[in-house]
Amino acid sequence: MLRIEALTKTYGDVRAVDDVTLEVPRGQLVGVIGRSGAGKSTLLRMVNRLSEPSAGRIGFEDADVTALRGAALRRWRARCAMIFQQFNLVGRLDVLTNALLGRLNDQGFVASMTARFTGAERADAIRALDRLDMAQTALQRADTLSGGQQQRVAIARALMQQPDILLADEPIASLDPRSASIVMDALRRINREDGLTVVCNLHTLDTARTYCDRVVGMMQGRLVFDGAPRELDDATVKRIYGVEAEEALSETVTSTQLSAAS
Amino acid sequence: MGWATAGPGPRSPAYAMASTASTFDGDPVATFERHYAEVATQRRRRTLLFWAIFVVILGVAIDVSTFFPERLAEGLPKIGGYLYDTLPVLRPEHLFADVETAGSLAYWYFNLPKYAGLLFTTINMALFSTLLGAIGALLLCFAASRNLAPNWWIFTLSRRFLEFCRAVPEVVFALIFVYAFGIGPAAGVLAIAIHSAGALGKLFSEVNENVDHGALDGVRAAGGNWFEEMRYGVLPQVWPNFLSYIWMRLEINIRASSIIGFVGGGGIGQELHYVISFNYYEEVSAIVILIVLTVTCTDLISERLRHRAIGRENLM
Ligand SMILES: Nc1ncnc2c1ncn2[C@@H]1O[C@H](COP(=O)(O)OP(=O)(O)O)[C@@H](O)[C@H]1O
Ligand SMILES: [Mg+2]
């Protein structure tokens with residue numbers, strides 16, 4: 001169980017995340033929706049402590065995540081994997097090494113500086129890549145892959161972390177519709193098969209409706225909706241998206257058209 | 001003078017567009033000409049000011065350095081005289097005769113085995129000092145990058161340290177090390193290595209400051225520590241640039257290591273200093289020619305290798 005209590009992040013006068021309280025039970029696939037600037041990324045980055053909260057508390061199981069420092073903090077980041085809109089792979093390294101980076105947290109200093117991974121770790125990496133149907137690209141440089149393929153490698157890296165939670169910050173926002181549905185399908189499959197908790201920021205509504213168990217709506221840093229996808233009525237959508245409502249609704253048609261059938 | 005002098009031609013598409021969707025008031029050509037004239041005047045003024053300042057500085061510099069024409073006129077013939085003295089006496093009929101015969105090439109280069117050994121030392125000094133310098137720069141450059149340093153203290157300390165290494169001339173370091181460790185290549189290598197570390201460290205950290213932070217975030221989010229962030233988030237991106245800087249430094253260091261011997265830093269420079277001091281005129285020219293040949297050859301080889309390396313950057 002992930003517990004977020006009164007979490008707040010301010011940048012100067014901007015309250016990027018404003019007093020958000022949220023509980024996510026194990027195994028749930030939660031979609032966070034909201035227009036750009038609503039604070040979705042900031043919320044996720046605080047959960048994995050890439051960003052320091054200004055106030056509030058994050059707890060996981062019995063641990064106080066907000067209090068972690070140093071090695072314990074890095075261990076938490078490893079347990080709480082994250083994938084990004086821009087994939088954030090190391091473009092000049094091959095796919096296999098990128099997947100192996102998910103194990104950095106277990107490596108000794110010399111082993112990680114010299115990129116020495118064990119045979120068992122390599123085998124795990126290949127298996128993780130294979131789950132994403134990317135094993136055949138293992139020795140290719142990451143920056144030669146398409147966006148959708150890169151995101152699948154990023155998911156494989158996340159799996160290598162053997163995480164308790166997977167955070168996804170707009171994982172499909174820069175992908176074409178077909179790649180987008182492949183990536184979302186992969187996230188949902190991993191969520192179901194491994195019982196992995198997934199919190200996923202989504203710009204478009206339909207993706208959230210198609211894939212998520214639960215949808216959380218944010219507006220100007222505040223939590224303004226929390227419920228099942230079917231509870232999202234037009235009035236709520238208008239409230240969350242404001243002037244972008246049209247766009248959010250129309251983009252849906254292109255973003256997950258293919259997967260809606262699956 | 002940039003784009004203003006080129007300007008859009010009368011029939012260019014840009015001109016056609018301007019006449020349909022004009023952003024100028026009234027006649028676009030007249031407006032442009034007026035604006036152009038203004039810009040040109042401004043530039044002329046700036047150029048004039050630049051030359052005025054330049055002339056003043058030049059005057060001061062000449063005065064300070066006592067670089068006067070009459071001294072120059074007096075000194076130049078002396079240079080000619082010295083150069084003439086260093087020329088070997090070569091006799092065409094004996095040119096390829098053995099070491100014993102005065103006037104042969106072999107006689108001139110009677111010390112060639114010794115020179116070759118010293119030259120080998122010099123090149124090794126350059127290689128080794130570049131390697132040491134590159135390692136030093138690599139270790140410090142991440143901490144000396146504003147965007148990567150873990151905190152302000154480490155950033156400032158490593159940056160100041162690199163500045164110090166770079167600001168002190170190699171010869172000064174060499175003098176100190178010769179005093180401490182005695183005459184020989186070790187002092188020269190250390191001196192050049194420290195200066196190289198400073199120079200390379202600065203260049204490296206500038207490359208680091210333009211790095212894309214995506215990969216860094218990725219490594220951090222996976223639980224990597226600072227060293228792992230640098231190793232995987234930064235190094236793969238910057239390594240090709242680092243390599244070309246190291247290469248450039250090697251070329252510089254071959255020159256530097258032939259000179260460093262003058263203060264006791266070992267290699268061919270030390271021999272050159274010796275023959276100059278003892279007025280072994282013919283040996284001076286023999287050694288200078290060898291050094292010039294070496295530097296030219298390394299530059300040529302280096303250029304070849306660099307061209308071959310372009311496009312093949314899978315070095316990591
Ligand atoms: N590093 C930062 N510095 C200053 N303001 C920021 C920073 N990151 C985010 N913000 C601000 O916080 C608000 C929320 O941003 P973000 O979490 O990126 O929104 P979203 O991901 O929903 O588009 C925005 O107003 C944004 O301008
Ligand atoms: Mg965002």
Number of the exception - A:Ile58 against (1) assigned to a loop (DSSP other than H, G, I, E, B); (2) touching a Ser or Thr at 6+ places or on another chain (Cβ under 9 Å); (3) away from ligand 2 (no atom under 16 Å from the Cβ): (1)
Test: residue in region A:144-164 that is within 12 Å of another protein chain (Cβ to nearest Cβ) and surrounded by fewer than 21 Cβ atoms within 10 Å (Cβ to Cβ): yes
Of the criteria (1) polar (S, T, N, Q); (2) touching a helix residue (DSSP H, G or I) at 6+ places or on another chain (Cβ under 8 Å); (3) more than 13 Å from every other protein chain (Cβ to nearest Cβ), which one A:Ser51 fails: (3)
Which listed residue, of B:Ser129, B:Ser145, B:Ser158, B:Ser196, is outside any helix (DSSP H, G or I) and among the hydroxyl-bearing types (Ser, Thr, Tyr): B:Ser145
Single residue of region B:225-272 satisfying the filter (away from chain A (no Cβ under 14 Å) and outside any helix (DSSP H, G or I)) that is modelled with the highest pLDDT: B:Gly267
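Quick one: which of A:Leu29, A:Leu50 is buried (at least 20 other Cβ atoms within 10 Å of the Cβ) and either at pLDDT 95 or above or within 16 Å of ligand 1 (Cβ to nearest atom) (or both)?
On the way: A:Leu50 fails: buried (at least 20 other Cβ atoms within 10 Å of the Cβ).
Every option except A:Leu29 fails the conditions.
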Inter-residue pairs, beta-carbon under 9 Å, first closer than 15 Å to A:Leu73 by Cβ and in region A:34-60, second near ligand 1 (Cβ under 6 Å from one of its atoms), 6+ apart: A:Ser51/A:Ala16; A:Ser51/A:Ser41; A:Ser51/A:Thr42
The listed residue being modelled with pLDDT under 95, part of a helix (DSSP H, G or I), out of contact with any Ser or Thr (no Cβ under 7 Å at 6 or more places or on another chain) and more than 9 Å from chain B (Cβ to nearest Cβ), out of A:Ala99, A:Ala125, A:Ala71, A:Ala111: A:Ala111
Residue in region A:170-210 that is farthest from ligand 1 (Cβ to nearest atom), counting only those that are surrounded by 24 or more Cβ atoms within 10 Å (Cβ to Cβ) and among the small types (Gly, Ala, Ser): A:Ser181
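Can B:Asn210 be described as assigned to a loop (DSSP other than H, G, I, E, B) and either away from every other protein chain (no Cβ under 14 Å) or without any contact (Cβ under 8 Å) to a residue 24 or more places away in the chain (or both)?
Details: assigned to a loop (DSSP other than H, G, I, E, B): yes; either away from every other protein chain (no Cβ under 14 Å) or without any contact (Cβ under 8 Å) to a residue 24 or more places away in the chain (or both): yes.
Here the answer is yes, as B:Asn210 does meet what is asked.
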Candidate set: region B:285-316, residues that are small (Gly, Ala, Ser) and closer than 16 Å to B:Leu250 by Cα; chosen: the one modelled with the highest pLDDT: B:Ser302
Search result, residues across region A:1-55 that are closer than 19 Å to A:Leu202 by Cα, in a loop (DSSP other than H, G, I, E, B) and more than 16 Å from ligand 2 (Cβ to nearest atom): A:Gly27, A:Gln28
Condition broken by A:Ile190, with the remaining ones in (1) under 24 Å from A:Trp76 (Cβ atoms); (2) more than 14 Å from chain B (Cβ to nearest Cβ); (3) over 20 Å from the mean Cα position of the chain (by Cα) satisfied: (3)
Residue identified as within 16 Å of ligand 1 (Cβ to nearest atom), within 14 Å of chain B (Cβ to nearest Cβ) and not aliphatic (A, V, I, L, M) among A:Thr42, A:Thr8: A:Thr42
Odd one out for A:Gly37 among (1) over 24 Å from A:Asp226 (Cα atoms); (2) of a type outside the set (A, V, I, L, M); (3) surrounded by fewer than 15 Cβ atoms within 10 Å (Cβ to Cβ): (1)
B:Ser129 being surrounded by 12 or more Cβ atoms within 10 Å (Cβ to Cβ) and either in contact with a Phe, Trp or Tyr (Cβ under 8 Å, 6 or more places away or on another chain) or under 30 Å from B:Arg249 (Cβ atoms) (or both): yes
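The values are calculated or read from the model by the stated rules, or taken from the named source; none is laboratory data. If you're wondering where the values come from, they're calculated on a predicted model, not measured in any experiment. A quick note on method: Cβ atoms are made from the backbone with ideal geometry, for glycine too, and the neighbour counts reach across all protein chains shown.
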